[in-house]
1. Given the criterion more than 9 Å from the ligand (Cβ to nearest atom) and within 25 Å of the chain's Cα centre (by Cα), identify the matching residue among Leu126, Leu161.
2. Read through the list (1) of a type in the set (Ser, Thr, Tyr); (2) surrounded by fewer than 21 Cβ atoms within 10 Å (Cβ to Cβ); (3) at pLDDT below 70, then give the number of the only condition that Thr386 fails.
3. Return the total of residues in segment 202-244 being within 16 Å of the ligand (Cβ to nearest atom) and at pLDDT below 95.
4. Anything in segment 331-348 that is surrounded by 17 or more Cβ atoms within 10 Å (Cβ to Cβ) and either touching a residue at least 40 places away in the same chain (Cβ under 8 Å) or touching a His at 6+ places or on another chain (Cβ under 6 Å) (or both)? List them, or say none.
5. So, in segment 164-183, of the ones that are buried (at least 21 other Cβ atoms within 10 Å of the Cβ) and within 13 Å of the ligand (Cβ to nearest atom), which residue ends up nearest to Thr98 (Cα to Cα)?
6. Residue by residue through segment 81-95, note down the ones that are buried (at least 20 other Cβ atoms within 10 Å of the Cβ) and of a type in the set (A, V, I, L, M, F, W, C).
7. Starting from residues that are polar (S, T, N, Q) and exposed (fewer than 14 other Cβ atoms within 10 Å of the Cβ), keep the ones in segment 27-47 and report whichever is modelled with the lowest pLDDT.
8. Taking Gln90 and the conditions (1) under 21 Å from the mean Cα position of the chain (by Cα); (2) away from the ligand (no atom under 13 Å from the Cβ), which numbered condition does it fall short on, given that it satisfies the others?
Amino acid sequence: MFCRARTIRYRHALVLQSSRNLSTQSQMNAVHFYQNRQLELYAARNANRLTLRQLVFFGRSMNEERLIKSANYVRTELPVRIAHRLRDLQALPYVVVTNESVAKVYELYWSAFEKSTLALKAPHRLRRYPAITTLAENEAFCSFLRGILNEHLPVIPLLSLGLSLSSPHLAPDYLDSFMRRMLVSRISRRVLAEHHIALTESLVEQRHRIKSRNKAHGDVGIIYTDLRPKESIERCVRLLHAGPNRLVPGLSDQAELTPPEVIIDGDADTRFAYIREHLDYIIFELLKNAMKATATRHRSQGGTGAVPVVRATIVAGPNEVNLRISDQGGGILSPYITSTSDLFSFSHVRNAARMEVDRLGALRLVSASQHGLSATVGEQVGERDTEKKIAPMGMGIGLPMSRIFARYFGGSLELVSLDGWGTDVYLRLPKLGTNLEGLEV
Ligand code: COI
């Protein structure tokens, strides 16, 4: 026990030492001993998990007192959730946690949790953030949150790159459950922060009697209470047909692909309360894969006749919304993949595509470029909003990320491949909002 704690403390020191220059060894040890004690205290607490319904009910009738309560919940909850994942990072083998990209994620999380020697401009970090008692203090807290949300934009590409490169050193099950915990927890922290920011913005708009877009839709924070999957599908199809994220050919393949049409059938009028950003992410990824596979196969078969359509079927159950996306893209047979579950793995042992040079290059590019991004949350609406949130092409994490989003409030995502013909993906999302966030937050 003592040895493990010492090893972990030592690891914390080494990772941070690689990105900061603390002067003497003893200075460093004292600082890191104290820091790790604080981390242990937070990591020992349980997260206070919420349901979608609680988020809606609490946010529905907002006033100053409730908004301040929400701010203090976020203020005290985020450091606990981030501490759990810092502990996870510390427990990685030395060779993994010192990988450049993984170490950057550690540094980002550490400096969000604790006042960082680097973050001189930010007087408070999450653990030390003082209680919020007024609307003005809440405004300052929201700006602080916006800053962290922005700083953490490169986390997913960094993690994905770091873990791909380290996957020879980790057992596939360990790697996959580590990644799942990191991603679920990140989604949960961003949901809490973005929801609180959106609640603040709508209270301000309400006070200034600005007719807000949220009010027009009856939305609560980031939750769209009347979300129509059909509209999400149409929005994503438009982006894939025409936007900057349209079906682009692979790096080694310069010819344009003809994107297939998407037919929507079933209960097209279904509406439910959900986080639109999550639904759009999943639908975009599923349609992108379906359309790209269909177009590529059509071309490889000579490209004569019409491109087969992709079918999106919406089915409203009493407790859930189901969506099936069917394509005729030939199924998932590839030299890399032997079973559909491998498609969801982050380990190169299960999915050798993780080590493809093009993919690693795309991840390097994205993690470097997102450092400079300064988009603020909720700044844009409609298609541009969807576009901003989706994973750039070629990172190879869209499918596992979509499953993580689907499961976050208790849904599921399954894939069935009819090899030689096509793929069906089944998405199920709970409608009542009564499931707690995933355990891994
Ligand atoms: C993340 O995006 O990884 C976060 O942890 C953000 C949160 C602290 C607001």
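1. Working: Leu126 fails: more than 9 Å from the ligand (Cβ to nearest atom).
That would be Leu161, the only listed residue that is more than 9 Å from the ligand (Cβ to nearest atom) and within 25 Å of the chain's Cα centre (by Cα).
2. (2)
3. Step one: filter segment 202-244 for residues within 16 Å of the ligand (Cβ to nearest atom), giving 221-222.
Checking which are at pLDDT below 95 leaves us with none.
Adding up the residues that qualify gives 0.
4. Restricting attention to segment 331-348, the residues satisfying the condition of being surrounded by 17 or more Cβ atoms within 10 Å (Cβ to Cβ) are 331-332, 337, 342-348.
Once the filter is applied, which keeps residues that are surrounded by 17 or more Cβ atoms within 10 Å (Cβ to Cβ) and either touching a residue at least 40 places away in the same chain (Cβ under 8 Å) or touching a His at 6+ places or on another chain (Cβ under 6 Å) (or both), segment 331-348 yields Gly331, Ile332, Leu343, Phe344, Ser345, Phe346, Ser347, His348.
5. Out of the qualifying residues, it is Met182.
6. Within segment 81-95, Ile82, Ala83, Leu86, Leu89, Leu92 meet the criteria.
7. Initially, segment 27-47 is screened for residues polar (S, T, N, Q), giving 27, 29, 35-36, 38, 46.
Right, trim to exposed (fewer than 14 other Cβ atoms within 10 Å of the Cβ) and you get 27, 46.
Working: Gln27: 58, Asn46: 96.
Here the residue is Gln27.
8. Only one criterion in (1) under 21 Å from the mean Cα position of the chain (by Cα); (2) away from the ligand (no atom under 13 Å from the Cβ) is unmet by Gln90, namely (1).
The values are calculated or read from the model by the stated rules, or taken from the named source; none is laboratory data. All of these numbers come straight from a predicted model, not from anything done at the bench. Ideal geometry is used to build each Cβ from the backbone, glycine not excepted, and the neighbour counts take in all protein chains shown.
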